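*Asks:* Next up is a structure, given as structure tokens.
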Amino acid sequence: MFDAKQFIMEKVGWIKQEVGDEKAIAAVSGGVDSSVTAVLGFKALKDNLTVVFLDDGLMREGEPEAVTKIFRDMGIETKIYDVKGNFFQAMKNLTDPEEKRKAFRQTFYETLANAARELGVKVLLQGTIAADVVETVRGVKSQHNVLEQIGINPLQKFGFRIIEPVRELYKPEVRLVAKELKLPDSVVNRRPFPGPGLSIRVVGEITPEKIEMIRKATKIVEEESESLPSFQVFAVLLNDKATGVTEKGERAYGNIIVIRAVDSKDAMTAESTKIPWDRLLKMKNRIVSEIQGVSRVLYDITSKPPATIEFE
Ligand code: XMP
């Protein structure tokens, strides 16, 4: 049986030993993995740890404010960097999912390296978990936070070494640690959200308009699925159009949004959730009435395998 209390004790000691008297940074996203990592780091390093939030413009609505509040309530200050422009610029014209991930990763670490230089820090605490590494090494998807396994030396390339206190854990254990650390339930139970955020929920090239559209759809499906036991529930904007008709009877050639909900234990395999029909209809009604330019809403019934959880 996994003992979260014991894990915390051991990891806090391990972080102290690994970092010594050096200063470190931890980048948080609002998700459970990076939050647990930052709190473990804070317990071990206190003022020698700076918690940063990179506002990349690819997050869910209200994320920067929500994250800052969660950490402030725990007595930890967060430094926010507004780096939205960097990410849009880096992903401009890219359509291939792996190219998008690569550009995201490069920009993410360059931005962190700038912050680290400014703060005089050479150690990064990162919340990589076991599933991130497995998927990347298998070559399914190169998750942005896995570097050494694909031959990137962070010290040489970005000027910091990386310490990963939760890298042997899977999601269920990370949640137990989060609970033991007294993180709020909203974080403990938070559904996974990918590092590259909404950029991989827009199939093909991203634009600020498309990101805004998927941000609205994400908010709607999240609001309408709070009580569902699904592992993940989200929306995807396809890189395609479908013919529709307006209430006035005029032709409309509009966007297609997919709703995806999956049941899973650790993201390695997944089944499509049997969402109650009336709930799906409510999501569809809100999407077509609250987001301009959507002419079709689809529900994805594919399991993993043969699909993956995300579209990209
Ligand atoms: P897939 O789509 O591979 O997703 O079945 C498995 C889990 O990983 C998340 N995911 C990512 N997380 N960076 C991340 O930090 C990524 O590039 C990435 N791609 C997928 C996905 O949301 C699911 O929970």
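The values are calculated or read from the model by the stated rules, or taken from the named source; none is laboratory data. Being a predicted model, the structure only gives us computed values, none of them experimental. Cβ: placed from backbone, ideal geometry, glycine included. Neighbour counts: every protein chain shown.
*Asks:* For the list (1) under 12 Å from Asp33 (Cβ atoms); (2) assigned to a helix (DSSP H, G or I); (3) in contact with a Lys or Arg (Cβ under 8 Å, 6 or more places away or on another chain), I need the number of the one condition that Phe193 fails.
*Replies:* Unmet condition: (2).
*Asks:* Please go through region 173-207 and give me each residue that is more than 16 Å from the ligand (Cβ to nearest atom) and hydroxyl-bearing (Ser, Thr, Tyr), ordered by number.
*Replies:* Ser186, Thr207
*Asks:* Taking region 105-132 as the search range and keeping residues that are in contact with a helix residue (DSSP H, G or I) (Cβ under 6 Å, 6 or more places away or on another chain) and of a type in the set (A, V, I, L, M, F, W, C), which one is nearest to the ligand (Cβ to nearest atom)?
*Replies:* Checking each candidate, the answer is Ile129.
*Asks:* Output yes when any residue across region 242-253 is outside the structural domain of Val32 (by TED's automatic domain parsing), within 16 Å of the ligand (Cβ to nearest atom), of a type outside the set (S, T, N, Q) and farther than 24 Å from Thr136 by Cβ, and no when none is.
*Replies:* No, that holds for no residue.
*Asks:* Something else: Mind checking whether some residue in region 126-142 is part of a helix (DSSP H, G or I) and either touching a Gly at 6+ places or on another chain (Cβ under 7 Å) or among the small types (Gly, Ala, Ser) (or both)?
*Replies:* yes
*Asks:* Test each condition in (1) within 16 Å of the ligand (Cβ to nearest atom); (2) surrounded by 19 or more Cβ atoms within 10 Å (Cβ to Cβ) for Ser303 and report the one that comes out false.
*Replies:* (2)
*Asks:* From the list Lys11, Lys46, Lys5, exactly one residue is assigned to a helix (DSSP H, G or I), surrounded by fewer than 24 Cβ atoms within 10 Å (Cβ to Cβ) and free of Cβ contacts under 8 Å to residues at least 60 places away in the same chain. Which is it?
*Replies:* Going through Lys11, Lys46, Lys5 in turn, just one is assigned to a helix (DSSP H, G or I), surrounded by fewer than 24 Cβ atoms within 10 Å (Cβ to Cβ) and free of Cβ contacts under 8 Å to residues at least 60 places away in the same chain: Lys46.
*Asks:* If I filter region 247-279 down to residues being assigned to a loop (DSSP other than H, G, I, E, B) and closer than 19 Å to Val221 by Cα, which single residue comes out as farthest from the chain's Cα centre (by Cα)?
*Replies:* Only one residue fits best here, namely Pro276.
*Asks:* Which numbered condition trips up Thr136, out of (1) over 18 Å from Pro194 (Cβ atoms); (2) under 18 Å from the mean Cα position of the chain (by Cα)?
*Replies:* Of (1) over 18 Å from Pro194 (Cβ atoms); (2) under 18 Å from the mean Cα position of the chain (by Cα), only one is false for Thr136: (1).
*Asks:* When Glu222 is evaluated against the numbered criteria (1) part of a helix (DSSP H, G or I); (2) within 30 Å of Glu99 (Cα to Cα); (3) in contact with a helix residue (DSSP H, G or I) (Cβ under 9 Å, 6 or more places away or on another chain), which criterion, by number, is the only one it fails?
*Replies:* Failed condition: (3).
*Asks:* Among the numbered criteria (1) away from the ligand (no atom under 16 Å from the Cβ); (2) polar (S, T, N, Q); (3) assigned to a loop (DSSP other than H, G, I, E, B), which single criterion is violated by Ser289?
*Replies:* (3) is the only condition that Ser289 fails.
*Asks:* Within the bounds of region 270-284, is there any residue that is at pLDDT 95 or above, of a type in the set (A, V, I, L, M), touching a Ser or Thr at 6+ places or on another chain (Cβ under 7 Å) and loosely packed, with under 15 Cβ neighbours inside 10 Å?
*Replies:* no
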